[in-house]
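S.K.: Before we start, here is the structure in question, set down as structure tokens.
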Amino acid sequence: MPLENITNIFENSPYNKHLGIKFEKFEEDSIVCSIKITTSHLNVNKAVHGGVFFSILDSVMGATIRTVVNQPIVTVNMSINYFAPLMNGEEMMATAKILQQGNSIVTAEGLVNDSKGSVVAKSIGTFKIMQMNR
């Protein structure tokens, strides 16, 4: 599948649109996502809900892997560490890199940075490559 088609899949995902995930850079093995934080992203403590961090990390890792394996993938497992909160009006940027790729399983690492470049969350995820007929 051409890279443009993969880009369209992620940019037009209803869930990504709902969260406001924007794909700033979409190249093979190099994806950058962002979210401009609004009140709809906040938890009861008025900081970004952990699920928003989790979602952007899952999306950026999945998109990065998809550009390399050129097959649909699904998340098998993902863990996340939160280092600092983000607040309304701030922006989060997410990047990912593939750590290990096998025939059916890929492991990736994702980072969320604030607008100053500080790492505010880090994840590691395991993804299964869905062997589809081409």
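The values are calculated or read from the model by the stated rules, or taken from the named source; none is laboratory data. The model shown is predicted, which means the values in this text are computed figures rather than measured ones. Virtual Cβ from ideal backbone geometry, glycine too; neighbours counted across all protein chains shown. Ligands, DNA and RNA are excluded from the accessible area calculation, which covers all protein heavy atoms including side chains. Shrake-Rupley method; radii C 1.70, N 1.55, O 1.52, S 1.80 Å.
S.K.: Is there any pair linking a residue in the stretch 1-13 that is touching a residue at least 40 places away in the same chain (Cβ under 8 Å) and outside any helix (DSSP H, G or I) to one that is open to solvent by less than 70 Å² (accessible area, probe 1.4 Å) and not charged (D, E, K, R), with Cβ under 7 Å and at least six apart or on different chains, and which?
M.R.: Every condition considered, the pairs that remain are MET1/ASN70.
S.K.: Given the condition in contact with a Pro (Cβ under 7 Å, 6 or more places away or on another chain) and aliphatic (A, V, I, L, M), answer yes or no: does some residue in the stretch 45-65 qualify?
M.R.: The answer is yes; a qualifying residue exists.
S.K.: Condition first: surrounded by fewer than 18 Cβ atoms within 10 Å (Cβ to Cβ) and β-branched (Val, Ile, Thr). Now tell me which residues in the stretch 33-62 satisfy that.
M.R.: THR38, THR39, VAL44
S.K.: Regarding THR7, is this residue among the polar types (S, T, N, Q) and either open to solvent by 30 Å² or more (accessible area, probe 1.4 Å) or modelled with pLDDT under 95 (or both)?
M.R.: Yes, satisfied.
S.K.: Here's a follow-up. For the stretch 81-129, which fully contained strands (runs of 3 or more DSSP E) count at least 2 residues that are surrounded by 16 or more Cβ atoms within 10 Å (Cβ to Cβ) and free of Cβ contacts under 8 Å to residues at least 24 places away in the same chain?
M.R.: So the answer is 105-113.
S.K.: Within the stretch 77-117, count every residue that is aromatic (Phe, Trp, Tyr) and either more than 17 Å from PHE53 (Cβ to Cβ) or in contact with a Phe, Trp or Tyr (Cβ under 7 Å, 6 or more places away or on another chain) (or both).
M.R.: 1
S.K.: Applying the selection to the stretch 72-101, what residues are farther than 12 Å from CYS33 by Cα and touching a helix residue (DSSP H, G or I) at 6+ places or on another chain (Cβ under 9 Å)?
M.R.: PRO72, ILE73, VAL74, THR75, MET78, ILE80, TYR82, LEU86, ASN88, LYS97, ILE98, GLN101, listed by residue number.
S.K.: Related question: Right, MET61: under 25 Å from MET1 (Cβ atoms) and modelled with pLDDT under 95 or not?
M.R.: Answer is no for this residue.
S.K.: What number goes with the only condition from (1) in contact with a Gly (Cβ under 6 Å, 6 or more places away or on another chain); (2) in contact (Cβ under 8 Å) with a residue 60 or more places away in the chain that PHE54 does not pass?
M.R.: The number of the failed condition is (1).
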